[in-house]
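Attaching a single structure in structure tokens format; questions to follow.
The values are calculated or read from the model by the stated rules, or taken from the named source; none is laboratory data. On a predicted model such as this, the values are computed, not experimentally measured, just so you know. Note: ideal-geometry Cβ built from the backbone for every residue, glycine included; neighbour counts use all protein chains shown.
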Amino acid sequence: MDKTQKQLLIIASVVGTILLLILAFNIFSSGIEKEEKNDAMISDYRAVDRALLAKENCDRRKNSEDCLKTGLYYLNGKHVNVNKKKAARYLLKACKMKSPVGCFQLGKFWQGDRKKPGRKARKYYKKACNFGDLESCEIVGK
């Protein structure tokens, strides 16, 4: 073997080694990505489970915090499809259970994009203020 053939053999072995390292890295990386996707799916399933549990606790156990959570889930489309009618219903349940945050959120719901709250929004802001929500008190001027 002459000098040129030795150099080509060395270059070929280096390139082969690099290709093997790249291949090994890609295989390793794809395994990590699959694991991350699985972890994300499990996390999503758990979040949906918590949302369903919150709805059940509101409906069956009359838990105001869970009614608030369920209302916000429907309002924001988190773990469920956006449904403003259901959002208002669950926020109202929370407010009726004397949840200051539930009443405040219901006030925000009825205010919408308007700068000043209308009659219905003010009604719920006043309730929230009476239950101790300071931000609602500022809005209604108490």
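I'd like to check something: does segment 95-107 contain any residue that is farther than 19 Å from LYS123 by Cα, surrounded by 17 or more Cβ atoms within 10 Å (Cβ to Cβ) and within 18 Å of the chain's Cα centre (by Cα)?
Looking for residues that are farther than 19 Å from LYS123 by Cα, surrounded by 17 or more Cβ atoms within 10 Å (Cβ to Cβ) and within 18 Å of the chain's Cα centre (by Cα), one finds none in segment 95-107, hence no.
Oh, and also: On the given criteria, is LEU91 of a type outside the set (D, E, K, R) and closer than 20 Å to LEU53 by Cβ?
yes
Are there any pairs with C-beta distances below 9 angstrom linking a residue in segment 1-30 that is modelled with pLDDT under 70 and of a type outside the set (Asp, Glu) to a residue that is surrounded by 10 or more Cβ atoms within 10 Å (Cβ to Cβ) and part of a helix (DSSP H, G or I), with the two at least 6 apart or on different chains, and if so which?
Close Cβ pairs (under 9 Å, with a partner that is surrounded by 10 or more Cβ atoms within 10 Å (Cβ to Cβ) and part of a helix (DSSP H, G or I)) amount to MET1/LEU9.
Considering only residues that are buried (at least 21 other Cβ atoms within 10 Å of the Cβ) and touching a Lys or Arg at 6+ places or on another chain (Cβ under 9 Å), which ones fall in segment 76-90?
So in segment 76-90, the residues buried (at least 21 other Cβ atoms within 10 Å of the Cβ) come out as 87, 90.
Scanning segment 76-90 gives a single hit, TYR90.
Could you grab me the full set of residues in segment 84-122 that are closer than 20 Å to ASN63 by Cβ, out of contact with any Cys (no Cβ under 8 Å at 6 or more places or on another chain) and part of a loop (DSSP other than H, G, I, E, B)?
LYS98
Here are some conditions: (1) crowded, with 17+ Cβ neighbours inside 10 Å; (2) out of contact with any Phe, Trp or Tyr (no Cβ under 7 Å at 6 or more places or on another chain). GLY112 meets all but one. Which one does it not meet?
Every condition holds for GLY112 apart from (1).
Answer yes or no: is there a residue in segment 126-136 that is part of a helix (DSSP H, G or I) and touching a Ser or Thr at 6+ places or on another chain (Cβ under 6 Å). Walk me through it before giving the result.
Start the filter on segment 126-136 by keeping residues that are part of a helix (DSSP H, G or I), which leaves 126-130, 134-136.
Narrowing the set further to residues that are touching a Ser or Thr at 6+ places or on another chain (Cβ under 6 Å) leaves 128-129.
Yes, segment 126-136 has at least one match.
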